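Before any comments, here is the structure.
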Amino acid sequence: MSLSHTAEEALDTVNDSVMIRTMQGRIDAWNRRASDLYGWRKEEAIGRVSHDLLQTRFPQPLEEIELELVQNGKWEGKLVHTRRDGSHIIVESQWVLDPARASKVVVETNKQLDAPTDWERPRRCLHASPRPRTCFSSAPEPLWLS
């Protein structure tokens, strides 16, 4: 799938990160905000599998998310993505399926929820605090420790 020049310009006016991808995750379009958020240029992202590129951590198995997407035409939830520089961000993600196309195109928008300093604070506290339970009072949802 290739977008017209006008469609690509329209994507770049959106305030959220937007990618258009196949059901298998192959990125066909990547807007300027996605480049700003993740650090990957459009030319580097297109053709890659989004979940591999961003090292996506899902709140439930991907198969369940995809089933909901196919059944309802949309899915919304929080994801953890990894930027090019290795830092992690939590995003509110919305996936919309375009069933009119034979290839089932997914439009995915992602909006960063928290500044990294807010959600990394509990992790840093765990490593420094003699009382780890006090570290979670400032933790946003979801919190995945690895």
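The values are calculated or read from the model by the stated rules, or taken from the named source; none is laboratory data. What you see is a predicted model, and the numbers here were worked out from it, not measured in a lab.
From the list Arg41, Arg57, the lone residue that is at pLDDT 85 or above, closer than 26 Å to Val14 by Cα and over 11 Å from the mean Cα position of the chain (by Cα) is Arg41. The set of residues from the stretch 13-38 being over 13 Å from the mean Cα position of the chain (by Cα) and among the hydroxyl-bearing types (Ser, Thr, Tyr) comprises Thr13, Thr22.
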